[in-house]
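*Asks:* Let me give you the structure first, and then I'll get to my questions.
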Amino acid sequence: MIEVKNLVKKYGDHMAVKDLSFNIEKGKIYGFLGPNGAGKSTTMNIITGYLAATEGQVIVNGHDIYEEPEEAKKCIGYLPEIPPLYPDMTPKEYLEFSADLKGIEKKRRAEQFKEISKLTGIEDVMNRLIKNLSKGYRQRVGLAQAILGYPEVIILDEPTVGLDPKQIVEIRDVIKGLSKRHTVILSTHIMQEVSAVCDEVIIIAHGELVARDTPDNLGKHVSGSNTVELSVKAPDYKVKAILNKLGGVTKFEVHSDNDEGCTKALVSTGVDKDLREDLFYAFANAKCPIVAMNYSNTSLEDVFIKVTSGRQTDRRR
Ligand code: ADP
Ligand code: MG
């Protein structure tokens, strides 16, 4: 779908992107992750044809972004870091304007506007001025613009930045819904965002690719283990005794949780082992009910810090 080959971007003598290569397959949600200043926006601006690369190549659906920019750009909808909204337009006028730019036939617009305004939840504000809309609604209008024309790939640069928690959840739901029809690439510096919506993660730091995998695998491989979080209705000494006897456990931590009369345990095992069934039976046989069991999600945060640490990030002055 998209191939990025040996991309280099220099701003003066500062190399913002260094020999970056990756490919994007159809139908997935990709998280493009990295600390501030890592080169995410620069890369996205190059992929979408807004910025010229110093070296390297970007091919979108078989079209080189420099040689056949029109064809390549037709396949992409883009929500830049700062959405290019016109405050004195209403969302309806803005979508009309964007439809002109995208060359969408007049007769197909009404239906698309209806569908997309519903999907992004802006139906009720279509005739209000953009400058009077909240940040969350403006972001939705930007998103609607990116979806307009139903391009195969939708690229979103930090789509949830500056939104409140409720708006974040709502925008994430819209993004998840997009994956049925589109390939989505979203950049973020927030770990939870990636675990919440992405099928695959590409992590960059200082303009270089540092990791690429599914969110689950990244956690397992970098920490060298795979951790399950348990809450068990039993005293801590019993939980410890059961875990001590269970094969495959490489490490565990136990904390009693007095409020609920439960014991919490973090149980680690080898990278490719799934301990959940063994844990279930071990505790069930001991008549200690497990009331909650989850893969520990702190590990992705650790991955991020581990793979991006020791590298200088933002050099903007
Ligand atoms: P991110 O989106 O990951 O936060 P950016 O792509 O915005 O990162 O920036 C990558 C690097 O390039 C940073 O060090 C930043 O300071 C630098 N940079 C970005 N835009 C410019 C510019 N127009 N001129 C000079 N340096 C820039
Ligand atoms: Mg950015």
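The values are calculated or read from the model by the stated rules, or taken from the named source; none is laboratory data. Quantities reported herein were computed from a predicted structural model and do not represent experimental measurements. Every residue, glycine among them, receives a Cβ derived from its backbone with ideal geometry; neighbour counts consider all protein chains shown.
*Asks:* Six or more apart or on different chains, Cβ under 9 Å: which pairs go from a residue in region 118-144 that's more than 14 Å from residue 84 (Cα to Cα) to one that's buried (at least 17 other Cβ atoms within 10 Å of the Cβ) and charged (D, E, K, R)? Could you list them?
*Replies:* From residues that are more than 14 Å from residue 84 (Cα to Cα), the pairs are 120/140; 121/140; 121/170; 122/140; 125/140; 133/140; 136/170.
*Asks:* Which residue pairs have Cβ atoms closer than 9 Å, lie 6 or more positions apart in sequence or on different chains, and pair a first residue in region 290-313 that is closer than 30 Å to residue 235 by Cβ with a second residue that is at pLDDT below 65?
*Replies:* 299/222; 299/223; 302/222; 302/223
*Asks:* Being modelled with pLDDT under 95 and in contact with a helix residue (DSSP H, G or I) (Cβ under 7 Å, 6 or more places away or on another chain) is true for just one of 119, 101, 148. Which residue is that?
*Replies:* Going through 119, 101, 148 in turn, just one is modelled with pLDDT under 95 and in contact with a helix residue (DSSP H, G or I) (Cβ under 7 Å, 6 or more places away or on another chain): 119.
*Asks:* Now for a different question. Search region 196-214 for residues being under 10 Å from the mean Cα position of the chain (by Cα) and under 15 Å from residue 185 (Cβ atoms), and hand back the single one that is modelled with the lowest pLDDT.
*Replies:* The qualifying residue modelled with the lowest pLDDT is 197.
*Asks:* Test each condition in (1) within 16 Å of ligand 2 (Cβ to nearest atom); (2) within 22 Å of residue 173 (Cα to Cα) for residue 28 and report the one that comes out false.
*Replies:* Result: residue 28 passes all but (1).
*Asks:* Name the pairs: first residue in region 235-253 and free of Cβ contacts under 8 Å to residues at least 40 places away in the same chain, second residue in a helix (DSSP H, G or I), Cβ to Cβ under 6 Å, at least 6 apart or on different chains?
*Replies:* 246/282; 249/243; 252/243
Residues checked against (1) assigned to a loop (DSSP other than H, G, I, E, B); (2) away from ligand 2 (no atom under 13 Å from the Cβ); (3) within 19 Å of residue 203 (Cα to Cα):
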residue	(1), (2), (3)
17	no, no, yes
23	no, yes, yes
38	yes, no, yes
41	no, no, yes
51	yes, no, no
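*Asks:* Checking the conditions here, which among 16, 38, 72, 52 is free of Cβ contacts under 8 Å to residues at least 24 places away in the same chain, within 13 Å of ligand 1 (Cβ to nearest atom) and more than 30 Å from residue 132 (Cβ to Cβ)?
*Replies:* Values: 16 fails: free of Cβ contacts under 8 Å to residues at least 24 places away in the same chain; 38 fails: free of Cβ contacts under 8 Å to residues at least 24 places away in the same chain; 72 fails: within 13 Å of ligand 1 (Cβ to nearest atom).
Only one candidate passes the filter, namely 52.
*Asks:* Go through (1) modelled with pLDDT under 95; (2) more than 15 Å from ligand 1 (Cβ to nearest atom); (3) of a type in the set (Val, Ile, Thr) and name the single condition residue 59 misses.
*Replies:* Checking residue 59 against (1) modelled with pLDDT under 95; (2) more than 15 Å from ligand 1 (Cβ to nearest atom); (3) of a type in the set (Val, Ile, Thr), the one that fails is (1).
*Asks:* Please return the ranges of helices (runs of 4 or more DSSP H) entirely within region 112-204 where 1 or more residues are among the charged types (D, E, K, R) and surrounded by fewer than 21 Cβ atoms within 10 Å (Cβ to Cβ). I'd like the intermediate steps shown before the answer.
*Replies:* Numbers: elements: 135-147, 165-178, 191-197.
It comes to 135-147, 165-178.
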